[in-house]
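Report on the structure given below.
The values are calculated or read from the model by the stated rules, or taken from the named source; none is laboratory data. Everything numeric in this text was worked out from a predicted model, so none of it was measured. Backbone-built Cβ (ideal geometry, glycine too); neighbour counts: all protein chains shown. SASA here: full protein model, heavy atoms, side chains in, ligands and nucleic acids out. Shrake-Rupley method; radii C 1.70, N 1.55, O 1.52, S 1.80 Å.
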Amino acid sequence: MAEAYIVAAARTAGGRRGGKLAGWHPADLAAQVIDALVARSGIDPAAVEDVILGCVSQVGEQATNVARNAVLASRLPESVPGTSVDRQCGSSQQALHFAAQAVMSGAMDAVIAGGVESMTRVPMFTPNALPAKAGLGTYMSPAMKRRYPGVEFSQFTGAEMIAKNYGIDKDALDRYALESHRRAMAATRSGAFDGEIVPIEILQADGSGTGERHTVDEGIRFDATLEGIAGVKLIAEGGRCTAATASQICDGASGVLVVNERGLKALGVKPIARIHHMSVMGHDPVIMLEAPLPATLRALKKAGMRIQDIDLYEVNEAFAPVPIAWLEALDADPARLNVNGGAIALGHPLGASGTKLMATLVHALGRRGKRYGLQTMCEGGGMANVTIVERL
């Protein structure tokens, strides 16, 4: 079977809710990343055979196949198709897996995988809230209710369950959140993100340009202190998690260009990484966020690797208990985890986070001269994707 190579990886800097990316229609925002991938790789736009985009809230401005709409808003020709994926927070990581599978099979030679989420313009929970308001029902079917009687699936509940089950107290969560901001600050100041971020013009409310470019992740708190983080109120009374120890609501887009050997030769592009392993796993949907732990253990076994063989890890910081528990379960090195900060500082643009993390991972491997990187993230419904890449 052919290999799958990443030849370009890019993302926007994260935008706060109502912040510097709020003026962008999500299809246009995704198109900016698509155009950047084409420009950075030097590929003929017509040679892209498909665009697969992850998006969680596929309603309103993100409805009607946002991937195809992004293609039509980009410089790609109309001949390039597009399809949208929803695997909740892992949507664009799954888009990458689908793209890799396409080129490995030989069915295609060059595919763009990515994701987009405007959490300003399409607020979280909108796909559930609007139908409920209109009396159109809920995603919970009678069969699901019989299987999980009395259960209200909640990521907030899952985060608290993980903290309790793994004995992670609030102080540990607060310290972890501060470290996320500190690492993100250091990465920004050192220029570690420069190679992956696509500068995006800041738009006014009427859509006109300001002439200013958005290039720094808006969620980083450069004045963060442990005292300030510790002072944030609890999400649930008697709980341990706060908004300061959870991922930030974020607008953003990201993507990678994936090709096989035939694509490398025909397109004249050079790879920056090779997909070494990819898998996905379902787990308990009630605790929900714990899936990355068994999924990573299984992925390493299937890949014939140990955690010690992995140089850098990107584990999405949906809530601080997730990466902390992951470190414990894997007996992994904290110094290799989210070395440039994570979603607590940088934001979590839902469907865009998968390839956002991958863009950060492959660039971090390159800057540090490391070989293997692993990415995983918890996903609504109790699932987790795992991707292992080798830097070239």
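So here's what we get for this one:
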{"item": "The stretch 196-243 - residue that is of a type in the set (Asp, Glu) and more than 24 Å from the chain's Cα centre (by Cα) and, of those, most open to solvent (accessible area, probe 1.4 Å)", "result": "Glu237"}
{"item": "Residue match in the stretch 163-177 (condition: open to solvent by less than 70 Å² (accessible area, probe 1.4 Å), in contact with a Gly (Cβ under 6 Å, 6 or more places away or on another chain), touching a residue at least 60 places away in the same chain (Cβ under 8 Å) and outside any strand (DSSP E or B))", "result": "no"}
{"item": "Residues located in the stretch 370-392, provided they are touching an Asp or Glu at 6+ places or on another chain (Cβ under 9 Å) and open to solvent by 10 Å² or more (accessible area, probe 1.4 Å)", "result": "Lys370, Arg371, Tyr372, Arg391"}
{"item": "Test: Ala110 is open to solvent by less than 20 Å² (accessible area, probe 1.4 Å), under 17 Å from the mean Cα position of the chain (by Cα) and either among the polar types (S, T, N, Q) or closer than 16 Å to Ile275 by Cβ (or both)", "result": "no"}
{"item": "Check on Ile168, over 30 Å from Leu37 (Cα atoms), out of contact with any Leu (no Cβ under 6 Å at 6 or more places or on another chain) and among the β-branched types (Val, Ile, Thr)", "result": "yes"}
{"item": "Tally of residues being of a type outside the set (D, E, K, R), in a loop (DSSP other than H, G, I, E, B) and under 22 Å from Ala31 (Cα atoms) across the stretch 98-147", "result": "6"}
{"item": "Residues being small (Gly, Ala, Ser), over 23 Å from Gln94 (Cβ atoms) and either in contact with a strand residue (DSSP E or B) (Cβ under 7 Å, 6 or more places away or on another chain) or open to solvent by 10 Å² or more (accessible area, probe 1.4 Å) (or both) - total across the stretch 333-357", "result": "1"}
{"item": "Number of positions in the stretch 77-94 that are crowded, with 24+ Cβ neighbours inside 10 Å and under 19 Å from Ser41 (Cα atoms)", "result": "0"}
{"item": "Single residue of Ser118, Ser141 found to be of a type in the set (Ser, Thr, Tyr), open to solvent by less than 60 Å² (accessible area, probe 1.4 Å) and in contact (Cβ under 8 Å) with a residue 24 or more places away in the chain", "result": "Ser118"}
{"item": "Per-region count, the stretch 259-312, residues farther than 30 Å from Thr157 by Cα, touching a Pro at 6+ places or on another chain (Cβ under 8 Å) and open to solvent by 10 Å² or more (accessible area, probe 1.4 Å)", "result": "1"}
{"item": "Unmet requirement for Leu267, which otherwise passes all of (1) modelled with pLDDT of 95 or more; (2) farther than 21 Å from Glu328 by Cα", "result": "(1)"}
{"item": "Lone qualifier among Gly347, Gly304, Gly354 - being closer than 17 Å to Arg182 by Cβ and modelled with pLDDT of 95 or more", "result": "Gly347"}
